[in-house]
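Have a look at the structure below, then the notes.
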Amino acid sequence: MSSATQTQTNSEDYLRMYRQMVRIRTFEDNANQLYLSAKMPGLTHMYSGEEAVAVGICEALKVSDKITSTHRGHGHCVAKGAAFKEMFCELLGKEEGYCRGKGGSMHIADQSNGNLGANAIVGGSMGIATGAAFSAKLAGRDDVAVCFFGDGATAQGLMYEVMNMAALWNLPVIYACENNGYSEYTKTDEVAAGSITARAEAFGIEAHQVDGQDVLAVNTLTQQLVERARKGEGPFFMELMTYRYHGHHVGDINREYYRSKDEERDWKDNRDPIVRFRAWLVDEGIATEDEIEALNAAVRKDAEEAVSYALDAPYPDGAEVDMHVYTDVPHALA
């Protein structure tokens, strides 16, 4: 197949990947405004700038494949198929949210699309993803599990326990380290000694480093690893070099004491994953600037409508306070 024919064949996939990245960025922009306007309870952690990681990986997965997420988890949730309306309802504590408003930003889950949930504990979902891969192997399914975590989580002991088991049992799990250069407010280089990929290699796990701002590079590598994991060749490890545009959380506004504005500006101006992929789509003749603008506008409209709906949606009834917490009491929806 010629490269021109292949590009045409994959045009729908490429446009979907672009749309998903725009959906993540748009969701985060709206979530940030909800916080700044005091309409959303609690804090949230923006994924803006890292969109190519979540989309590049999740586009290589089936609905039945599982992912586990982090405190910075909106991007993973959207990339795995979540809808705006249910997500905004969850952030605002409404009963139509994915977790009936009880999970919020850092504990959102969407099991209908294989998202086993975000986790506010750094590295906390590593055991869950490894367990999902173990159960798939025991049940004879060819499902793969992907564990998203940040570079700061490589200091957690759980990571080494689960990678040891995964390597011993050849589990179909991919450990995806989103290295955005900072562990909360500290440069990764100051808290992570040596090579991050070498941590996996110590267990005999094949490890790769990839440009996390290049959605096609991420997707190509993930497709290869997922196919091999389904055949029993796992586990695998990916270090994705990326960057978060916002602070550690939405309240982390003055960041100059730990990173410069020039650094932030360089990543936004020269390495933005959406801008880079948009330029590629136009250069390849897959979409025109007008078509892309129309797509962007449609996504913004979807988000605005979802936010408006969520703001007016009802809160869960007070009788639900013990739902999914205790097993020996009657639940409101039992």
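Being in contact with a strand residue (DSSP E or B) (Cβ under 6 Å, 6 or more places away or on another chain), outside any helix (DSSP H, G or I) and modelled with pLDDT of 95 or more, is that true of even one residue in the stretch 72-80?
yes
Kindly evaluate residue 181 against the criterion of being within 25 Å of residue 121 (Cα to Cα), surrounded by fewer than 20 Cβ atoms within 10 Å (Cβ to Cβ), modelled with pLDDT under 95 and in contact with a strand residue (DSSP E or B) (Cβ under 9 Å, 6 or more places away or on another chain).
yes
What are the residues in the stretch 27-67 that are at pLDDT 95 or above and farther than 28 Å from residue 275 by Cβ, if any?
Answer for the stretch 27-67, where residues must be at pLDDT 95 or above and farther than 28 Å from residue 275 by Cβ: 62, 63, 64, 65, 66.
Given the structure, is residue 69 surrounded by fewer than 24 Cβ atoms within 10 Å (Cβ to Cβ) and either of a type in the set (Phe, Trp, Tyr) or closer than 18 Å to residue 128 by Cα (or both)?
No, not satisfied.
Kindly provide the set of residues from the stretch 141-173 that are under 14 Å from residue 128 (Cβ atoms) and in a strand (DSSP E or B), ordered by number.
Of everything in the stretch 141-173, those that are under 14 Å from residue 128 (Cβ atoms) and in a strand (DSSP E or B) turn out to be 145, 146, 147, 148, 149, 173.
Can you work out which of the residues in the stretch 81-117 that are of a type outside the set (D, E, K, R), in contact with a Pro (Cβ under 8 Å, 6 or more places away or on another chain) and more than 12 Å from residue 44 (Cβ to Cβ) is surrounded by the most Cβ atoms within 10 Å (Cβ to Cβ)?
Result: 101.
Quick check: anything in the stretch 51-58 within 21 Å of residue 286 (Cα to Cα) and of a type in the set (A, V, I, L, M, F, W, C)?
Checked against the condition, which is being within 21 Å of residue 286 (Cα to Cα) and of a type in the set (A, V, I, L, M, F, W, C), the stretch 51-58 yields at least one hit.
Which count do you get for residues in the stretch 98-108 that are part of a loop (DSSP other than H, G, I, E, B) and in contact (Cβ under 8 Å) with a residue 24 or more places away in the chain?
5
The values are calculated or read from the model by the stated rules, or taken from the named source; none is laboratory data. What you see is a predicted model, and the numbers here were worked out from it, not measured in a lab. In this analysis, Cβ positions are derived from the backbone assuming ideal geometry, glycine residues included, and neighbour counts consider all displayed protein chains.
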